[in-house]
Amino acid sequence: MNDSKRRTSGLESLPPVAGNGLLDRRALLSRGIAIAGATAAGASLTGAAAEPLKDDPWSGHQGSNVPELETRSRYEDKVKRILSNPNGEPRTQHARTPHHMLNGTITPNPLHFVIIHNGTPDIDPDKHRLVIHGLVKQPMVFTLDKLARYPMVTRTAFVECGGNSSPMFSNQPVQATLQHLHGLVSNAEWTGVLLSTLLEETGIDPKAKWFVAEGADTATLTRSIPMQKALDDAMIALYQNGERLMPGNGYPMRLLLPGFEGNMNVKFIRRIKLVDQPAMTYYEARNYSPIIPGGKAYKFYFHNEVKSFITHPSFGMSLKEPGYYEISGIAYSGTGRIDKVMVSADGGTSWAEAALQGPVNPKAFTRFHVPWRWSGGPAVLMSRAWDDSGNRQPLRQEFVAARGETLKPVTNTLGFYSQHYNSITSWGIDAKGEIKHVYA
Amino acid sequence: MSTPKKLSLAAVALLALTSSMALAADKNGLGESVGLGQPITENDIKAWDITVLPDGTNLPPGSGTASEGAKVYAEKGCVACHGEGGKGGRSAALVSDLKLEGAGIEAAKTIKNFWANSTTLFDYIRRAMPWPSPRTLSDNEVYALTAYILASNKLIGEGDTMDAKTLPQVKMPNRDNFIIKFPDKI
């Protein structure tokens, strides 16, 4: 028996759990030794022998000096955000996260998505102030220095623009990478002071039902947030993945409202006013009130609802040869912890449960994996997530019935068409291994 | 009879609030406040406190009319982004008869066909306009621009004066067309 035959029989004995080659999520974990044994016996998985090894040029001399601030390998310079308004014309600027080029769950700080409406302010942290006033017992001002002495909490949370995935409202599938389709969400570890800690100091007048949060940016962006959230998990975040916030993400302090639409997580926060009614600011009056079929609109959408998408493989990649691949992606929910992700390779006819990479944090990215053996034939990959509050990611048909779709195909992936898409993303793979965005 | 009932409701509200505050204290594990905030008076917050509420709370003194607003619109360069007569340019139209009906979810949300509260207009102009130099307009200029846009959209009369009393009374046509998505979170 030759080596390639022995290996083939090893892979074929893995149990398929759903159509078109999906394998049990535990398969390779429990069979790791058997597979390793097969590989050690001889040639590579493709059957062709590897080249003999020799020293490469970079191994033969002293490398470069270690810099004070590390930057990425020059071979990774394509891993960048896409900008919607690179010349800073007088309108909103967007920078989208390249999810198809990342892995794990934490978005590196330079790649965290940004939306900003009138440029990033250059804030002197020593002069910045946060004031809390309105329906409180005693209005108070806090400096960054003083805030840094308060008890801190650290948590992982995604932040997602209320209009992320807007091109998915197109009546025809838009051919674009995940960065275009879902790039306005990122996930970071945030450290800061709970807003409830500061409100304890100012006191709360029982008439307060909302608070208005205002930024120190040029347009002093303002949003109204229910007091319920203030006393739950709202945070004044000072650190992002261990370092001070990036300027585009709100330096030196931002409001973090885990699971609530990005725009409400007011950056550069300078003022919190407790009030008895929502202010109906520009952004809640207009942009973040999605129109639904029939002409009515939702107001106060608040939550980014449960969602998932496959990052590997995805649009822009191609499968070079039949055989083993790992399907992996991101799932998250603004209403809880990811409970389950199901993956299909046959356009939703059959589904296999994905393995969830722990720890599975609430209101944070969870990465999922499914082992897959691609036969070389057509396949449609889909993922669907559930959270522990009993919410499930809607199928496209039911989502479109409730929320609508555009009348004409979307051609500008950087535009906004309604808000808050949390249905399924499907990747169609043809016999050449090319990947297209499809609706299934 | 109504007074004791009101009192007892207030007591319940206070109790509920006190228990949630106690919860907040537990989160910190301190059981007391840190006390590093610096007291400040509302008077010293005035320069920042420009949020207007839909019922008119915090609208400043002053007033303006549409004809005064047309002058401000020309003088302050609003036309550069919003076009002649507010009909739109590289930024959104301020004056439009576009309808929501029949346009699907892509419908242009205009001040006339979408915005629920007239106060939003005053608040946003005052805090964010003109784009290159926000918060440089006087309150009278903001009232005048608000009147100009409302009158051009035929939401008030040409001669109507907008001030702290009249502005909140302007009825916006789409105000009852909203559904609160998550009422249990409010």
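The values are calculated or read from the model by the stated rules, or taken from the named source; none is laboratory data. Predicted model, so just to flag it, every value in this text is computed and none were measured. Quick reminder, even Gly has a Cβ in these numbers, built from the backbone with ideal geometry, and neighbours come from all protein chains shown.
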Please pick out the residue among A:Pro371, A:Pro293 that is within 14 Å of chain B (Cβ to nearest Cβ) and of a type outside the set (Asp, Glu).
A:Pro293
B:Gly77 - would you say it is more than 16 Å from the chain's Cα centre (by Cα) and closer than 30 Å to B:Lys46 by Cβ?
yes
Consider B:Ala144 carefully, then state whether it is assigned to a helix (DSSP H, G or I) and more than 24 Å from A:Thr220 (Cα to Cα).
no
Could you check, for segment A:245-256, whether at least one of its residues is touching a strand residue (DSSP E or B) at 6+ places or on another chain (Cβ under 9 Å), within 14 Å of chain B (Cβ to nearest Cβ), buried (at least 23 other Cβ atoms within 10 Å of the Cβ) and not in a loop (DSSP other than H, G, I, E, B)?
no
Residues that are farther than 30 Å from A:Phe309 by Cα and either part of a helix (DSSP H, G or I) or of a type in the set (Gly, Ala, Ser) (or both): does segment A:177-195 have at least one?
yes
Condition check for A:Ala431: at pLDDT 95 or above and either surrounded by fewer than 17 Cβ atoms within 10 Å (Cβ to Cβ) or in a strand (DSSP E or B) (or both):
yes
Of the residues in segment A:271-288, those that are at pLDDT 95 or above and within 7 Å of chain B (Cβ to nearest Cβ) come to A:Arg271, A:Lys273, A:Val275, A:Gln277, A:Ala279, A:Met280, A:Thr281, A:Tyr282
Could you check segment B:107-132 and list, in sequence order, the residues that are farther than 18 Å from B:Arg175 by Cβ, modelled with pLDDT of 95 or more, at the interface with chain A (Cβ under 9 Å from one of its Cβ atoms) and assigned to a loop (DSSP other than H, G, I, E, B)?
B:Met129
Filtered residue count, segment A:378-400, keeping only those that are touching a residue at least 60 places away in the same chain (Cβ under 8 Å) and not in a strand (DSSP E or B):
2
Given the conditions (1) buried (at least 24 other Cβ atoms within 10 Å of the Cβ); (2) closer than 29 Å to A:Glu434 by Cα; (3) within 12 Å of chain B (Cβ to nearest Cβ), and given that A:Ser170 satisfies all but one, which numbered condition is not satisfied?
(1)
Output the residues belonging to segment A:205-217 that are assigned to a loop (DSSP other than H, G, I, E, B) and crowded, with 24+ Cβ neighbours inside 10 Å.
none
Looking only at segment B:151-183, filter to residues that are part of a helix (DSSP H, G or I) and within 14 Å of the chain's Cα centre (by Cα); which one of those is surrounded by the fewest Cβ atoms within 10 Å (Cβ to Cβ)?
B:Gln169
Specify the residue that is nearest to the other protein chains (Cβ to nearest Cβ); the eligible residues are those in segment A:385-409 that are hydrophobic (A, V, I, L, M, F, W, C) and surrounded by fewer than 21 Cβ atoms within 10 Å (Cβ to Cβ).
A:Leu407
Selection count where residues are assigned to a loop (DSSP other than H, G, I, E, B), under 18 Å from B:Phe122 (Cα atoms) and without any contact (Cβ under 8 Å) to a residue 40 or more places away in the chain, scope segment B:59-90
0
Tell me yes or no: at least one residue of segment A:329-350 is within 14 Å of another protein chain (Cβ to nearest Cβ) and surrounded by fewer than 21 Cβ atoms within 10 Å (Cβ to Cβ).
yes
Applying the selection to segment A:174-218, what residues are hydroxyl-bearing (Ser, Thr, Tyr) and facing chain B (nearest Cβ under 9 Å)?
A:Ser196, A:Thr197, A:Thr202, A:Thr218
Considering only residues that are touching a Gly at 6+ places or on another chain (Cβ under 7 Å), at positive phi and either surrounded by fewer than 18 Cβ atoms within 10 Å (Cβ to Cβ) or not assigned by TED's automatic domain parsing to the domain that holds B:Ile156 (or both), which ones fall in segment B:64-110?
B:Gly83
